[in-house]
1. When the residues of the range 171-216 are narrowed to those that are of a type in the set (Val, Ile, Thr) and out of contact with any Lys or Arg (no Cβ under 9 Å at 6 or more places or on another chain), which ends up surrounded by the most Cβ atoms within 10 Å (Cβ to Cβ)?
2. Hey, residue 160 hits all of (1) within 16 Å of ligand 3 (Cβ to nearest atom); (2) out of contact with any helix residue (DSSP H, G or I) (no Cβ under 7 Å at 6 or more places or on another chain) but one; which does it fall short on?
3. Could you list, in sequence order, all residues of the range 152-163 that are under 20 Å from residue 230 (Cα atoms) and assigned to a helix (DSSP H, G or I)?
4. Identify the single condition in (1) free of Cβ contacts under 8 Å to residues at least 24 places away in the same chain; (2) within 16 Å of ligand 3 (Cβ to nearest atom) that residue 140 does not satisfy, given that it satisfies every other one.
5. Report yes if residue 166 is surrounded by fewer than 16 Cβ atoms within 10 Å (Cβ to Cβ), at pLDDT 95 or above and within 9 Å of ligand 2 (Cβ to nearest atom), otherwise no.
6. Every residue in the range 98-151 that is away from ligand 1 (no atom under 16 Å from the Cβ), on the phi > 0 side of the Ramachandran plot and either surrounded by 13 or more Cβ atoms within 10 Å (Cβ to Cβ) or not in a loop (DSSP other than H, G, I, E, B) (or both), please.
7. Would you confirm, using the coordinates I've provided, whether residue 90 is out of contact with any Pro (no Cβ under 8 Å at 6 or more places or on another chain) and either surrounded by 19 or more Cβ atoms within 10 Å (Cβ to Cβ) or within 23 Å of residue 151 (Cα to Cα) (or both)?
Amino acid sequence: MSAYEAHFRVWRGDQDGGGLKDFHVEVNDGEVVLDIVHRLQATQAPDLAVRWNCKAGKCGSCSAEVNGRPRLLCMTRMSVFERSETITITPLRAFPVVRDLVTDVSFNYTKAREVPSFVPPEGLGPGEYRMWQEDVGRSQEFRKCIECFLCQDTCHVVRDFEENKESFAGPRFLMRVAELDMHPLDAAAETGLDRKSTAQEEHGLGYCNITKCCTEVCPEQIKITDNALIPLKERAADRKYDPLVWLGNKIRRR
Ligand code: SF4
Ligand code: F3S
Ligand code: FES
């Protein structure tokens, strides 16, 4: 295979507006979209803003949209596109643009802060925790998250409805609630924190209608919907319809 020239359309602008600009850029064997963006900076658009760091799919910085699909620029091989195809690169749609391909993802940090952290069990120090390997494995899957926020960007609950942002944590942080709720040593309940209720009432679990788009775009192949969101929904529903819980709530309300 040899080098060829591909047609790119890249969004340029800032919070005041912008648009797609056309470029023709050389592509070589084995390159990824981030290589092309770097070549574009080096040869035609030195002031093009793009966020990246590791170029190895591990820092989660280079998230953007390629032909409308949320992707990591450093993990998207040019060979997945036809040579004749026009490749459109745009910033993440769900977050405000800072400049060109860089967006302000602080929404995610706000949501992260809203999830109360792990509550250590009383009387046990670090190194004394004991868990079944099965429980360790369950949360280990969620710990693969590189915080690229592609799942947050693609979920229609906030992608299409800006007004939902306040009451919806998004798949990445509902997954965090699920992880903590499944953790056998989390002692949140002893402090009066019911993670299942807060998932519904504070983090907007009910907005998720299991479209699984989050799972489809996750570069770590985390089964966000099947392994985190659906189990959390089931646990929250069990909690709500458990006759003993219902009776307890009734007595407490008197
Ligand atoms: Fe990215 Fe997957 Fe983490 Fe979502 S869950 S932020 S898509 S790595
Ligand atoms: Fe959104 Fe994922 Fe649910 S895309 S609707 S959080 S399954
Ligand atoms: Fe780190 Fe792409 S540059 S994930």
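The values are calculated or read from the model by the stated rules, or taken from the named source; none is laboratory data. This structure is a prediction, so every number in the text was calculated from the model and none was measured. Reconstructed Cβ throughout: ideal geometry from the backbone, glycine too, with neighbour counts over all protein chains shown.
1. Applying the filter and picking the extreme gives 198.
2. The number of the failed condition is (1).
3. 152, 153, 154, 156, 157, 158
4. Every listed condition holds for residue 140 apart from (2).
5. Answer is no for this residue.
6. Passing the criteria: only 100.
7. yes
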